[in-house]
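J.: Input: one structure, supplied below.
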Amino acid sequence: MIGSGYVGLVSGACFADFGHDVVCVDKDAAKIDALLAGKMPIYEPGLDHLVSSNVAAGRLRFTTDLTEGVRGADAVFIAVGTPSRRGDGHADLSYVYAAAQEIAGALDGFTVIVDKSTVPVGTGDEVERIIREANPDADFAVVSNPEFLREGAAIDDFKRPDRIVIGGDDPRALEVMRQVYRPLHINRSPIVEMSRRGAELTKYAANAFLAVKITFINEIADLCEKVGADVQDVARGIGLDNRIGAKFLHAGPGYGGSCFPKDTLALLKTSQDYDAPQRIVEAVVGVNDNRKRAMGRKVIAACGGDVRGKTVAVLGLTFKPNTDDMRDSPAIAVIQTLQDAGASVRAYDPEGMEQAKLVLDGVAYCANAYEAMEGADALAIVTEWDAFRALDLGRVKSLLSAPILVDLRNIYPRDVVEKAGFAYHAVGR
Ligand SMILES: NC(=O)c1ccc[n+]([C@@H]2O[C@H](COP(=O)([O-])OP(=O)(O)OC[C@H]3O[C@@H](n4cnc5c(N)ncnc54)[C@H](O)[C@@H]3O)[C@@H](O)[C@H]2O)c1
């Protein structure tokens, strides 16, 4: 497993748990040192136990030495990052290509190179070319195997996926992939085989579609506010239709995270390169970008339209609960909008504060949710961690200097909050 981040580490640990022999490689020595010392470099529920038990069983190892990891492997997974490239939003493939180059020199015997990173159509062709050029005698095949796990539920998603997508046409490689995934197939997870390009595009189409769904319900939420409807009723009313489905219909502050923002942008770049405009996705990207700052303005409006000199307590910083991942979190734009308007921000997040400190300046980071509220002029809930779902509203009211609650995740019933004496502002309700 080349790259031991959210995807590489979870996939590696799960494959080991299924009985395979796994070596997780990362060029970040601090990450590997932490793993060797039994410390998890990321927060993901259940991961520490999964890793430690498989290390103890001798099936999972860590190294910075790529050659050591690749030698003798039947399959080498590339799970390095593919962030947005600065300037044009295309996927930055430099880590993938660098990994391919390094892998080429370490191959011995027939090896399947598996692209698990999310990469634009045609990347598999380029990985194949790089390896062939660097090591003309190598016996290998490149397949695409995009990953669909969600942070926060990554282990369960990996072990019980809705489907496994494998793209490639080399029969030997496909057989190795079927063996690698056989333990999951027994759980009846369907394996969908297709062309390599089809698999590469499937990942982007999946993420773009989910981003469309979220953005659609967010715009419906705005309309609900204008017409006096409740978006949660509407979402339930449409979500029970099997053709639509209830998931990804939660109105909120806009999608963020390490995948949707960069993957929608990369899909647009591909669509431009191939002259096949994706206008729906274009609209979604624009609408979602606007929404994040609009949610900051919503908090300002709840405070009476002016927050200069005021303090806002913010609960939740990560882009979703059960992760420490701050990449493109809506909380960043919400907090920056508040700060731009002259507010001070006191914040708390159960797992994300170390990462948040790297991206957000001038925030008072607090030890717990109630400490963040002390003396604040309003409370904004930005990420729906379970710990924020049942706050002691009496205590909240006594700590705030004004009883204003802005619930950007719709986790409270309006009547309960209003009965407790708050001015309550939600999304689309
Ligand atoms: N995070 C998710 O929820 C998720 C879900 C599905 C797919 N993906 C995709 O999976 C890929 C990886 O994402 P991630 O979130 O795990 O990234 P990450 O940044 O958490 O991890 C990537 C790791 O790769 C390492 N790395 C980079 N180049 C290397 C090299 N040459 N040799 C060894 N290690 C190297 C980095 O040091 C880093 O630890 C991306 O393409 C992403 O889009 C992510």
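The values are calculated or read from the model by the stated rules, or taken from the named source; none is laboratory data. Predicted model only: the values in this text are computed from it and were never measured. All Cβ positions, even for glycine, are placed from backbone atoms using ideal geometry, and neighbour counts span all protein chains on display. What goes into the accessible areas is simple: the full protein's heavy atoms, side chains included, and nothing from ligands, DNA or RNA. Shrake-Rupley method; radii C 1.70, N 1.55, O 1.52, S 1.80 Å.
J.: By how many degrees, between 0 and 90 and to the nearest 10, does the Cα long axis of helix 6-17 differ from the longest principal axis of the chain?
T.: So the helix axis and the longest Cα principal axis differ by about 60 degrees.
J.: Which value, in Å², gives the accessible area per residue of the chain when a 1.4 Å probe is used on the protein heavy atoms?
T.: 44
J.: Let me ask another. With each label point set 7 Å from Cα along the Cα-Cβ vector, what nm distance links Ala402 and Asp170?
T.: Distance between the two pseudo-spin positions: 6.4 nm.
J.: List the residues of segment 409-429 whose backbone N lies under 20 Å from a point placed 7 Å from the Cα of Asp233 along the Cα-to-Cβ direction.
T.: So the set is 409-419, 424-429.
J.: Could I ask something else about it? Mind checking which of Ala378, Val22, Gly72 is farthest towards the positive end of the chain's charge dipole, using Cβ charges of +1 (Lys, Arg) and -1 (Asp, Glu) about the Cα centre?
T.: Farthest towards the positive pole: Ala378.
J.: Mind running the shape call on segment 6-194? Use the C-alpha gyration tensor, a ≥ b ≥ c as the square roots of the eigenvalues: rounded below 1.5 for a/c, prolate if a/b tops b/c, oblate otherwise.
T.: It is rounded, given that a/c, with a ≥ b ≥ c, falls under 1.5.
J.: Using packing as a proxy for protection, rank 375-387, 346-358 so that the peptide with the highest average count of other Cβ atoms within 10 Å comes first.
T.: Those peptides, ordered most packed to least, come out 375-387, 346-358.
J.: Where does the chain land at 222 nm, in deg cm²/dmol rounded to the nearest 500, when only DSSP H runs of n ≥ 4 count, each adding -39500 (n - 2.57), divided by all residues? Don't jump to the answer; show the numbers that get you there.
T.: Values: 17 runs with 197 residues, N = 429.
So the calculated ellipticity at 222 nm is -14000 deg cm²/dmol.
J.: While we're on this one: Name the long-range amide H neighbours of Phe62: under 5 Å, sequence gap of 5 or more, or other chain; modelled H, no Pro or chain starts.
T.: Cys24
J.: Which FRET efficiency, nearest 0.05, do Arg297 and Val359 yield, Cβ-Cβ r, R0 25 Å?
T.: 0.75
J.: Compute the angle between helix 47-56 and the longest alpha-carbon principal axis of the chain, please, reported from 0 to 90 degrees and rounded to the nearest 10.
T.: The helix 47-56 is inclined about 30 degrees to the chain.
J.: How many angstrom lie between the Cα centre of segment 85-139 and the Cα centre of segment 275-322?
T.: Between the Cα centre of segment 85-139 and that of segment 275-322, the gap is 36 Å.
J.: Looking at segment 235-277, which trypsin sites (Lys or Arg not before Pro) are DSSP coil and have at most 10 other C-beta atoms within 10 Å of their C-beta?
T.: Filter output for segment 235-277: Arg243, Lys247.
J.: Ignoring ligands and nucleic acids, what accessible area does Arg160 show with a 1.4 Å probe (Å², nearest 10)?
T.: For Arg160, the solvent-accessible surface is approximately 140 Å².
J.: Could you tell me the relative contact order of the chain? Use alpha-carbon pairs under 8 Å, at least six residues apart, and round to a whole percent. Numbers along the way, then the final one.
T.: Numbers: 840 pairs, mean separation 50.9, N = 429.
With pairs under 8 Å counted, the relative contact order is 12 percent.
J.: Tell me, what is the FRET efficiency for Ala56 and Arg389 to the nearest 0.05, using R0 = 25 angstrom and their Cβ-Cβ distance as r?
T.: Values: r = 36 Å, r/R0 = 1.42.
After rounding, the FRET efficiency stands at 0.10.
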